[in-house]
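The values are calculated or read from the model by the stated rules, or taken from the named source; none is laboratory data. Source: prediction; values computed, not measured. Here the Cβ positions follow ideal geometry from the backbone for every residue, glycine too, while neighbour counts run over all protein chains shown.
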Amino acid sequence: MEVIIKSKNIELTSHLRDYAERKLKRACRFIPALLEKEIEDKEEVGKEVDRVVLEVEISKVTGDGKGRIYRTRAKMVLPQTTLKVEDVAETVKESIEEVKYELERQIKDYKGKIETQRRKGGQKAKRMRR
């Protein structure tokens, strides 16, 4: 998995980069093994493989009157879909944490959809054998 971290209107220190990468990579543990198997199968056949890419942008925005000035956006490109998450908070770390939780939720939903599709395919095959 490739992680790209960018910053806008804020200095991206090595500490902040490491923190964001560590937190958001942790959310990726929910990517289903089924997806990894699909990638391996494509590599064996010689097809072009769609890699998982996580793009993160951390920025400082003008105040919205509520004290929230740090925005974190994350975009995860998966072979069949793209997940997008955004959060604005008072601190950078708060913003990154909220993005991590939302990304985990979206990945779990995606995993459930893949499992459902797989089960439906099995049901169709079972009906065809009858």
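Considering every residue within the stretch 60-73, establish whether at least one is within 20 Å of M1 (Cα to Cα) and either surrounded by fewer than 14 Cβ atoms within 10 Å (Cβ to Cβ) or modelled with pLDDT of 75 or more (or both). Yes, the stretch 60-73 contains a residue that is within 20 Å of M1 (Cα to Cα) and either surrounded by fewer than 14 Cβ atoms within 10 Å (Cβ to Cβ) or modelled with pLDDT of 75 or more (or both). Inside the stretch 22-39, residues that are modelled with pLDDT of 85 or more and of a type in the set (A, V, I, L, M, F, W, C) make up a count of 1.
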